[in-house]
Amino acid sequence: MYRYDEFDHDFLAERVAQFGDQVARRLSGELTEEEFRPLRLMNGLYLQLHAYMLRIAIPYGTLSATQLRALAHVARRYDNGYGHFTTRQNMQFNWIKLEEVPQAMADLAAAEMHGIQTSGNCIRNVTADQWAGVAPDEIEDPRVWCEIIRQWSTLHPEFSFLPRKFKIAVTGSPHDRAAVRVHDIGLRLHRNEAGEIGFEVMVGGGLGRTPYIAKTIREFLPKQDLLSYLEAILRVYNQLGRRDNIYKARIKILVHALGAEKIAELVEAEWQQMRDGALKLPQATIDAISTHFAPPDYPTRDPMPPQLMAARLRDPDFARWLRSNVAPHRVPGYAIVSISLKPEGAPPGDCTAGQMDALADLSERYSFGETRVTHEQNLVFPHVAQEHLPELWRALDALELATPNIGLASDIIACPGLDYCSLANARSIPVAQHLGQRLGALDRQHDLGNLQVKISGCINACGHHHVGHIGLLGVDKNGEEFYQITLGGSAADDASLGAILGPAVAYDKVVDTVASLVEGYVGLRENGERFLDTYRRVGAAPFKERLNAAR
Amino acid sequence: MTVAHAVTANRLRDGIPVYRTEDGGWSPQFSAVGQLATAAEAEAIAAAAGAVNGKDAVVGAYAITVEVDGAAVRPTSLRERIRAEGPTVQPLAAMRKAS
Ligand code: SF4
């Protein structure tokens, strides 16, 4: 894993001291709120409905056991005993006191964590495939490139005040688990005809008020040119992005106003002026950063361990968990284990301090001390020996972390919504809780297969509702909570935006309505079809009928 | 039932919601909220609230409406009810403690 160098440590220590001073000056009244607000946001500190909220970046979703324990410590000491994993592979603490923030930040800094650039109009935490380095289909570990981008974009003077926030995601596999097409820039490592590895560069994706799927502006970018090309894109955006209108300020608006070809041309012109300059990446730099992401030294393990076979036959619950939460690993004898943070009826993405501490211990015992955070708000142990799966499952089950629902109907993504968020129109969490229980039951009855339900409490779309097979968007109708339903979205390789099904549904009807849509699918599906496949085949009409009947 | 006006904010030092009381202080208890006759009065108080420093300094004060039914007073909007009463969902930590 990447470890901070001296520069990183010094910088963070300075920043913690600086922010501590700013907080003291705010508390004494020396700084006004107007002066202080941008300073706290630069450090990931928001003010929400009930308290301050501290957002911590988890670069490319990778956590060491020490970092997981630091998060547990902050949850216990400065929050109400839990934290919330978000769709940006970040962690949010919802009950933070301003006067305690400097100490919390110092504690996090000791574990090489912070909230810098988790807010504001800058380049945000770069996200990656949660199976980076272990997916059997992977071409190259995307985290090397995320780390290179992190170093380049941290406090980049030219890009600290962009027209709007800027999100980059990287995948190293043909199968996109990082939703790269709904980011401002999506990067996909692939091979060209000559067999060289480089990036497909996609620009202008995003959700929110005006959702777009990103357009490819370069099919193949040699690796050593990554930073100069990114810099060229950011320059074009910085210059032409709509600073006059916050709703039109994201790069997606620019890309779709000018067209992908025009953007590609502008970027190319900018890039040609600097491609062989200081940003060209020397192989030695790439190699040095790659060493931080070298795979662990995997001891040889039995690829068909008898204890695994026996446990599978003996225990149907274990067999079910294996089917839904365990995936093949690139090294024989190992597996990738997904840990569901969606026990039916619980708030999606929440994790208690006790669970985090216990997971840190388990990661050391079973996963080389490494845990990943997914944009679906779950966790992953990336390197588990198959022979350890039965005992790991028992340990996770005892922590209520073995819900066998990864990718299934009750694995719902939900933003904090009106229960916490000051921007919300409607609640997300209780809808997710009730819907999780309802769809979990339907799944056991009908084996629904892969079904992605995503809920956002407002148009900012933190719950990614546009790319849910079923998306719910909370809207306010005369002070009442309503939910607009979209169908047919996907964040995967077949990325698409959902279409609005019809009039919004009231809070007390929304669970029944979605259940009815899913029942409709059960009646219509053909061999092996997912909800999304059936919807794409039959269209919206039969679902519209159900919506109208249920409203 | 009648509608009255009131002022709320978040307390600077810890961010918790507070309510302007009749005597001009701030209380974390919604039950202590002072009622005002007009929106203009509430807005004027809210506009001046940010200038006060010290232990009880507040941030982002604004006017809200409240429903008054005899002795019972509650915020009109769901958002303000959630601020006053806390999240409508049990957070995971509490669910785990309870079980
Ligand atoms: S989608 Fe809206 S309600 Fe949900 S977390 Fe984002 S801003 Fe808040």
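The values are calculated or read from the model by the stated rules, or taken from the named source; none is laboratory data. Everything numeric in this text was worked out from a predicted model, so none of it was measured. Positions of Cβ are backbone-derived with ideal geometry, glycine not excepted, and every protein chain shown enters the neighbour counts. With ligands, DNA and RNA removed, areas are computed over all heavy atoms of the protein, side chains included. Shrake-Rupley method; radii C 1.70, N 1.55, O 1.52, S 1.80 Å.
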Report task. Work through the residues other than A:Val326 whose Cβ is under 11 Å from its Cβ and net out their charges, Lys, Arg +1 and Asp, Glu -1. Result -> +3
**Report entry** For region A:135-277, the fraction of alpha-carbon pairs in successive 10 Å shells from zero, as %
**Finding:** 12, 44, 36, 8, 0
Requested in this report: Please list the helices of chain A that count as membrane-span-like by this rule: a mean Kyte-Doolittle hydropathy of at least 0.5 together with Cα atoms stretching 24 Å or more along the helix axis, each helix being a complete DSSP H run.
Outcome: A:507-524
Report summary line: Other residues with Cβ under 12 Å from the Cβ of A:Gly463 give, with Lys and Arg +1 and Asp and Glu -1, a net charge of +2
Report summary line: Of the residues A:His383, A:Ala128, A:Pro306, the Cα lying farthest along the dipole of chain A towards its positive end, which is defined by charges on the beta carbon of Lys, Arg, Asp and Glu, belongs to A:Ala128
Report summary line: Within region A:133-147, the residues whose backbone N lies under 19 Å from a label point placed 7 Å from the Cα of A:Asp493 along the Cα-to-Cβ direction are A:133-142
Query - Interface A:B - total buried accessible surface [probe 1.4 Å, Å², rounded to 100] - result: 2400 Å²
Query - Whole-Hz ³J(HN,Hα) from phi, Karplus 6.51 cos²θ - 1.76 cosθ + 1.60, for region B:8-17, glycine and proline x - result: 10, 7, 10, 6, 4, 6, 10, x, 6, x
Query raised in the report: Under a point-charge model restricted to the Cβ atoms of Lys and Arg (+1) and Asp and Glu (-1), what is the dipole moment magnitude of chain A relative to its Cα centre, in debye to the nearest 20?
Result: 1340 debye
Requested in this report: In debye, nearest 20, what is the charge dipole magnitude of region A:413-551 about its Cα centre with +1 on Lys and Arg Cβ and -1 on Asp and Glu Cβ, if you could check?
Outcome: 140 debye
**Report entry** Within the accessible area of region B:21-99 (1.4 Å probe), percent carbon and sulfur
**Finding:** 53 percent
Report summary line: Within 10 Å of the Cβ of an average residue in A:33-41, the count of other chain Cβ atoms is 1
**Report entry** Share of carbon and sulfur in the accessible heavy-atom surface of chain A [1.4 Å probe, %]
**Finding:** 50 percent
Query - Overall Cα dimensions of chain B, principal axis frame, Å, largest first - result: 47, 37, 19
Report task. For A:Leu451, enumerate residues with amide H under 5 Å from its amide H, sequence gap 5+ or separate chain, H modeled in the peptide plane. Result -> A:Leu408, A:Ala409
**Report entry** Electrostatic dipole magnitude of region A:274-389 [Cβ: Lys, Arg +1; Asp, Glu -1; Cα centre; debye, to 20]
**Finding:** 380 debye
Query raised in the report: Contour minus end-to-end for A:Lys544 and A:Val522, with contour as 0.36 nm per residue of separation and end-to-end as the Cα-Cα distance?
Result: 6.4 nm
**Report entry** Inter-chain shielding of B:81-91 (mean C-beta neighbours from other protein chains, 10 Å cut-off)
**Finding:** 6
Query - Average beta-carbon neighbours from other chains, 10 Å sphere, peptide A:25-31 - result: 3
Report task. Would you work out which of A:Ile485, A:Ala70, A:Ala461 lies farthest towards the positive end of the dipole of the protein assembly as shown, given +1 charges on the beta-carbon of Lys and Arg and -1 on that of Asp and Glu, about the Cα centre? Result -> A:Ile485
Query - Qualifying GluC sites (Glu not before Pro) in region B:13-58, DSSP loop, other Cβ atoms within 10 Å at most 15 - result: B:Glu22
Report task. Under 4.7 Å Cβ to Cβ, no partner at all: give me those cysteines from the protein assembly as shown, in residue order. Result -> A:Cys122, A:Cys146, A:Cys351, A:Cys421, A:Cys458
Report task. Counting only heavy atoms of the protein chains, get the accessible area per residue of the protein assembly as shown (1.4 Å probe) and round it to a whole Å² value. Result -> 39 Å²
Report summary line: Given the candidates B:Leu12, A:Ser516, A:Phe368, the one whose Cα lies deepest towards the positive end of the charge dipole of the protein assembly as shown, counting +1 at each Lys or Arg C-beta and -1 at each Asp or Glu C-beta, is A:Ser516
Report task. Ratio to report: Rg/Rh of the protein assembly as shown, with Cα atoms as the point set and Rh obtained by the Kirkwood method; give two decimals. Result -> 0.96
Report task. Under 14 Å from the Cβ of B:Thr65, count the other residues' Cβ atoms, weight Lys and Arg +1, Asp and Glu -1, and hand me the total. Result -> 0
Query raised in the report: What do you reckon, how do A:Met304, B:Met95, A:Met1, A:Met356 stack up by accessible area (1.4 Å probe), largest on top?
Result: A:Met304, A:Met1, B:Met95, A:Met356
Query raised in the report: Between A:Val203 and residues 5 or more places away or on another chain, which pairs have amide H atoms under 5 Å apart, with H built 1.01 Å from N, and which residues are they?
Result: A:Gly186, A:Lys215, A:Thr216, A:Ile217
Query - Selection of chymotrypsin sites (Phe, Trp or Tyr not before Pro), region A:365-434, meeting DSSP coil and at most 15 other Cβ within 10 Å - result: none
Report task. Mind scanning A:Lys97/A:Lys280; A:Lys342/A:Lys544; A:Lys248/A:Lys342; A:Lys262/A:Lys477; A:Lys342/B:Lys55; A:Lys165/A:Lys454 and naming the pairs with a C-alpha gap bigger than 32 Å? Result -> A:Lys97/A:Lys280; A:Lys248/A:Lys342; A:Lys262/A:Lys477; A:Lys342/B:Lys55
Query raised in the report: Counting each DSSP H run of 4 or more residues in the protein assembly as shown as -39500 (n - 2.57), what helix-only mean residue ellipticity at 222 nm follows after dividing by all residues, to the nearest 500 deg cm²/dmol?
Result: -11000 deg cm²/dmol
